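The values are calculated or read from the model by the stated rules, or taken from the named source; none is laboratory data. Keep in mind the model is a prediction, meaning the values are calculated, not measured. Every residue, glycine among them, receives a Cβ derived from its backbone with ideal geometry; neighbour counts consider all protein chains shown. Please note that ligands, DNA and RNA were not included when accessible areas were found on the heavy atoms of the full protein model with its side chains. Shrake-Rupley method; radii C 1.70, N 1.55, O 1.52, S 1.80 Å.
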Amino acid sequence: MQKSPRPLRFTVLGPVRAWRGDREIHLGSPQSRTLIALLLAHGGEVMSLAHLVDAMWGAAPPNTAVNAVHRNVGLLRRLIEPALPVRDPGSWLIRSAGGYRLAVGPESLDLLRLRALAEQGRREAKPHLFREALDLWQGTVADGIDALVRNDTVFTALDQELTALAREAADLALATGDAELLLGAVRRAADQAPFDEALHARLIRLWAATGHQAGALATYERLRVRLGEELGITPGVEATDARDAVLRPARAARIPAQLPADLPVFAARDAELALLDGLADLAGPVAVTGMPGVGKTTLAVHWAHRVAGRFPGGQLYLNLRGFDRERRPLTSGEALAALLDGLGVSGRDVPETVDARAALYRTLLAGRRMLVVLDDARDAGQVRPLLPGGGGCLVIVTGRAEPIGLAVHGAPVIRVPPLSPLGSRRMLERRLGPARLSADPVATGEIVAYCGGLPLALAIVAARAQHGPAAPLRVLAAELRAGRLDALSAPGLADDVRASFALSVSSLTEHAAEAFARLGHESAEVGLSSAASELSAAGMLIEIGPGRFRMHELLRLFARETAARETAAQETTARETAVRETPARETTARETAARETTPSGTAAPETAAREAAAPRTRPASRQNPRQLPAHTLPTAPRLTSPISDLDPTSEALPL
């Protein structure tokens, strides 16, 4: 018989499919598809009947197994050649030497086409022929047939043949400088062979040869995680050497130095600098915390500049924007993308997911002695994905919130207090010069006292004094005496004391924010037992003993402002409500009076008696708004301790 005039094509390097011309052929039942998959995987060679039975039914085939093979052969013949006469064996599915074979060639079977292209590529040393061959590999061989059948040696041998071809193609591409040409094909091959270290090592080198360092390191990291989680092993020498070859030139080419400029007039933090010096040889996170405006960032950056030479791998700096007036905090994913950029990873190479970014970040830092400064952290959850996996990196984390999540994991915590009066004077001397302070020691003492040792407040006063050098310090002291927070709000500055405090208050829970505002009232009872820990953790209170806290004087003034604003808003709301409700109350009163009036127009006796006994008052519509019923106006709570007890040198406030 002659073959069909329309050519037949088969695929097995992926789903098992067949076409007659441009029309796909339905290959029948799962058993029929399994049979033709086995024959296709043999690439036109004879497959014995015994092997077919063993592959399709395993060690315990039914008595009807051989008949089932013959029956499925007949069904497939008629599907492939619909015009075939009864009992005609046809031209494609041939009985031969105790088995069957498919009469296919390179023009009709993708497997044979792949082998032909690969052989030509070897002879001519042309990488594009290998790419064309590997492009025929469209997924799992014989995808869609029973998984037990896929375990047969014919399929496992074919898997090994394909991965070996991908390795061979990668070697040729690396040798000829055609890495870009084969990168995609080898990536797909590596996806089909997730535990083939030799193939992944070549993929790492292809990534690196095309300038995609991040892709190379991400490939290694995925292999490392997969081998560890599923096989309990680490990558071997070949994959590790490929990874190291990528890291060596990258590290030599780019050493980050991202620290912001140091403050040239830094002063008065000797104790904190000594604590940091004692931690310089450690690896892992160190938390630097304190109230708003206390100088955490300035301290961290100054110290980082002092010790930069002890970190040959470089310095990374990132503002996490935990408490930023203009912008929202960075997400962990955004922070990782910025850190990877600092390490030389281009945007196109940054992985999509947070976990993948973190894995690549840890890989790039592995074995390096680097200093990482993560500034203005919102909380430990924002920071945790940004910590290196180990090695010699020291991470300085600054933030207002108490870093309980980091301390639990052993991170040392340096709490930055307000400056002492002597430290405050030293800071002013560095900025204004000792002569100017000596010229007016009384005003200097007042400024020091009114700023309460807060570096942000002192810096604002010094900036104002420098702006007008002829202005006596006593003028600034008088302004502070008249209204400290107003005097410490400097237009044109990126930050001021009031705005800095407001950002911390905005991060509190409603309960803690209300408790903070109540601290602004003089003589009020404040039950803060449930809110004290949150206020303390946010840097708004300092716990100096069990159940005893101290609040900074400037924070206390801000709390009073906050309470006054809330009270004024409540009073305004109460008055507006009373004005809206007055007409309704008058209408109700008239309607009630009408119902209680006798037909003659006089009030009923019982109504008249009640009116005679009631006190004389003006109508509600004519009452003074300040004399509204007590329940419509808010009442201020009372502090058990005088306000003066809250300044930095006072006794503690029991809460």
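Accessible surface of Met291, taken over heavy atoms with a 1.4 Å probe and every protein chain present, rounds to 10 Å².
Could you tell me what % of all Cα pairs in the stretch 96-181 have separations over 19 Å? Write down the numbers at each step before the final one.
Numbers: 1729 of 3655 pairs.
Of all Cα-Cα distances in the stretch 96-181, 47 percent exceed 19 Å.
Amide H to amide H distances under 5 Å link Gly314 with Leu371, where only residues 5 or more positions off or on other chains count and H is placed in the peptide plane.
Here's how it looks for Leu109: its modeled amide H is under 5 Å from those of Phe10, which are all 5 or more places away or on a different chain. Whole-Hz Karplus values for the stretch 78-95 come out as 6, 6, 6, 10, x, 8, 5, x, 4, 6, 7, x, x, 10, 10, 9, 9, 7 Hz, taken residue by residue from phi with 6.51 cos²θ - 1.76 cosθ + 1.60 and θ = phi - 60°; glycine and proline positions read x. Rounded to a whole number, what % of the accessible area of the stretch 115-251 do carbon and sulfur atoms account for, probe 1.4 Å? C and S atoms contribute 48 percent here. Accessible area per residue for the stretch 1-85, computed on protein heavy atoms with a 1.4 Å probe, is 51 Å².
Fraction of C-alpha pairs exceeding 16 angstrom in the stretch 267-366: 66 percent, rounded to a whole number.
Equivalent ellipsoid of the stretch 19-136: semi-axes from √(5λ) of the C-alpha gyration tensor, largest first, are 30, 18, 12 Å. When you work out D = kT/(6 pi eta Rh) for the stretch 301-450 at 37 °C and 0.692 mPa s, using the Kirkwood radius from C-alpha pairs as Rh and the Stokes-Einstein form, the result is 184 µm²/s. Applying the Karplus relation 6.51 cos²θ - 1.76 cosθ + 1.60 with θ = phi - 60° to the stretch 151-158 yields 3J(HN,Hα) values of 7, 4, 4, 5, 7, 5, 5, 5 Hz, where x marks Gly and Pro. Ignoring any ligand, DNA or RNA, what whole percent of the accessible area of the stretch 443-488 comes from carbon and sulfur when the probe is 1.4 angstrom? After summing per-atom areas, the C and S share lands at 59 percent. Taken over the stretch 374-495, the alpha-carbon convex hull comes to 139 cubic angstrom per residue. Ranked by solvent-accessible area (1.4 Å probe, protein heavy atoms only, all chains present), the residues Glu81, Glu479, Glu510 order from largest to smallest as Glu510, Glu479, Glu81. For Val46, nonlocal amide neighbours, meaning residues 5 or more places apart or on other chains whose placed amide H falls under 5 Å from its own, do not occur. Working note: Karplus 6.51/-1.76/1.60 with θ = phi - 60° gives the stretch 557-573 the couplings 5, 5, 4, 5, 4, 4, 5, 5, 4, 5, 5, 4, 5, 5, 5, 4, 4 Hz, where Gly and Pro are set to x.
Spin-label model, Arg369 to Val53: label points 7 Å out along the Cα-to-beta-carbon direction sit 7.2 nm apart. Extents of the stretch 151-245, taken as max minus min of Cα coordinates on every principal axis and listed largest first, are 40, 28, 19 Å. A 1.4 Å probe run over the stretch 196-329, with the rest of the protein chains in place, finds 44 Å² accessible per residue.
Structural descriptor for the stretch 1-139: relative contact order 28 percent, calculated from alpha carbon pairs under 8 angstrom and at least 6 residues apart. Share of the stretch 312-366's accessible area from carbon and sulfur, percent, 1.4 Å? Heavy-atom surface of the stretch 312-366 belonging to carbon and sulfur, 1.4 Å probe: 47 percent.
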